[in-house]
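Single-structure report; data block below.
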């Protein structure tokens, strides 16, 4: 069985999600349920590392990161041997590519095609 660990950033993301739903939306029970659901989804990675597609396959942007959909949230993770490191957890509506990598632009050397 693989080990799943959360980076400090992923722990902060879960804390922010819980605080937002509990405080801003006024629903502590929903906050517990949603964070519990996210962590339950992450446990799938203990048995099945390639549970989600690679960022590169989805975006064409070179990366060793993978994505796991957890309801309305996505977890960004990296496989390191038998350890899965969950790097970040975002609301699926967020622009996670820009958050993770900043502005992405084509270089002059890359193939482009006029439309």
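What to note about this one:
- Look at (1) modelled with pLDDT of 95 or more; (2) within 26 Å of residue 80 (Cα to Cα) and you find that residue 1 fails only one, number (1).
- Residue count for region 33-62, restricted to those that are out of contact with any strand residue (DSSP E or B) (no Cβ under 7 Å at 6 or more places or on another chain) and not in a helix (DSSP H, G or I): 5
- Region 34-65, subset over 25 Å from residue 21 (Cβ atoms) and touching a helix residue (DSSP H, G or I) at 6+ places or on another chain (Cβ under 7 Å), residue surrounded by the fewest Cβ atoms within 10 Å (Cβ to Cβ): 62
- Filter pass, residue 30 being more than 14 Å from residue 87 (Cα to Cα), in contact with a strand residue (DSSP E or B) (Cβ under 6 Å, 6 or more places away or on another chain) and surrounded by 11 or more Cβ atoms within 10 Å (Cβ to Cβ): no
- Any hit, region 58-67, residues being over 24 Å from residue 98 (Cβ atoms) and in contact (Cβ under 8 Å) with a residue 12 or more places away in the chain: no
- Check on residue 22, loosely packed, with under 13 Cβ neighbours inside 10 Å and either assigned to a strand (DSSP E or B) or free of Cβ contacts under 8 Å to residues at least 12 places away in the same chain (or both): no
- Each residue in region 63-104 was checked for being under 30 Å from residue 30 (Cβ atoms) and part of a helix (DSSP H, G or I), and 5 pass.
- Looking across region 8-19, the residues that are within 21 Å of residue 81 (Cα to Cα) and surrounded by fewer than 16 Cβ atoms within 10 Å (Cβ to Cβ) come down to 8, 9.
The values are calculated or read from the model by the stated rules, or taken from the named source; none is laboratory data. Quantities reported herein were computed from a predicted structural model and do not represent experimental measurements. Every residue, glycine as well, gets a Cβ built from its backbone with ideal geometry; the counts of neighbours run over all protein chains shown.
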